[in-house]
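What follows is calculated from the coordinates using simple rules that are stated; it is not laboratory data. This structure is a prediction, so every number in the text was calculated from the model and none was measured. Every residue, glycine among them, receives a Cβ derived from its backbone with ideal geometry; neighbour counts consider all protein chains shown.
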Amino acid sequence: MKDTTHNQEKYFEPVPERVRTLQLLRAGAYQFAIFADEIAAIAPWQQPTPLPHSPQSVLGVVSIQGRLLTVLDLALITGQESSAIQGDENSGRHIIALRGDEQLALAVDDVSNTLVPAAGDFVEHAETAPAFVHRLLRCNGGNIIVLNLKELFPAAIHGRERRRRSF
């Protein structure tokens with residue numbers, strides 16, 4: 001039997017990493033980015049209806065595009081002071097409705113432009129970084145935190161047991 005494994009390499013070209021657009025935003029003093037394909041909608045601020053016994057980082061629920069979403073305060077999750085105060089000070093804030101089964105949204109202070117980063121724009125982050133940090137993006141002399149959305153809710157509830165449906 002003839003060995004053809006060395007010839008197979010020419011048929012399989014490496015697949016380049018998919019280029020994904022990032023949506024830039026700010027919460028507190030930090031710049032963040034979310035992959036644009038993970039965003040369902042960006043809505044103007046509306047005061048969430050509070051949920052009883054929820055952690056401080058869970059602001060409550062809102063309805064966006066017919067979906068009831070749990071709003072997380074991104075500033076509080078990242079250890080900053082929240083700007084989710086009642087009144088006119090919230091007029092510049094936004095709610096980012098996220099795609100996915102978790103039905104989550106993020107309260108942010110500002111939404112700016114989108115960008116398509118090059119592979120070399122990303123920098124390594126410390127292994128001690130929180131789980132919600134997917135990567136760091138070097139941009140204009142600073143670093144932007146690219147969020148790992150799957151880890152935001154666990155960070156927001158700080159180990160509290162999640163209420164489960166019982167049948």
ASN143-GLU124 pseudo-label distance in nm [points 7 Å out on the Cα-to-Cβ vector]:
1.2
Relative contact order for segment 99-162 using alpha-carbon pairs under 8 Å, separation at least 6, rounded to a whole percent?
21
Scalar couplings 3J(HN,Hα) for segment 50-56 by Karplus 6.51 cos²θ - 1.76 cosθ + 1.60 (θ = phi - 60°), nearest whole Hz, x for Gly and Pro, are x, 9, x, 6, 8, x, 4
Between ILE42 and LEU115, with labels modelled 7 Å along Cα→Cβ, what's the label distance in nm to one decimal, could you check?
1.4
For ILE64, which sequence-distant residues (separation of 5 or more, or a different chain) have an amide H within less than 5 Å of its own amide H, given hydrogens modelled in the peptide plane?
LEU69
Give me a comma-separated list of calculated 3J(HN,Hα) values for segment 60-74, in order, Karplus coefficients 6.51, -1.76, 1.60 applied at θ = phi - 60°, integers in Hz, x for any Gly or Pro.
x, 10, 9, 10, 10, 6, x, 10, 8, 10, 8, 9, 9, 8, 4
Hey, could you grab the Kirkwood Rh for segment 22-126? Inverse mean 1/r over distinct alpha carbon pairs, Å, one decimal.
14.4
Once you keep just the Cα pairs under 8 angstrom separated by 6 or more residues, what percentage relative contact order results for segment 42-156?
20
Determine the gain in length on full extension of the stretch GLN103-THR49; use 0.36 nm per residue of separation and subtract their C-alpha separation, reporting nm with one decimal.
17.9 nm
Report ³J(HN,Hα) in whole Hz for each residue of segment 136-153, in order, from the Karplus equation J = 6.51 cos²θ - 1.76 cosθ + 1.60 where θ = phi - 60°; Gly and Pro get x.
10, 10, 7, 8, 6, x, x, 10, 10, 7, 8, 7, 9, 5, 5, 9, 6, 5
Residues whose built amide H sits under 5 Å from the amide H of ARG99, excluding neighbours closer than 5 in sequence, are ILE39, ALA40
Where does the charge balance sit around GLY100 when Lys and Arg score +1, Asp and Glu -1, over other residues with C-beta under 13 Å from its C-beta?
-2
Non-local amide H neighbours of ALA27 (under 5 Å, H modeled in plane, Pro and chain starts lacking H): which ones?
PHE32, ASP109
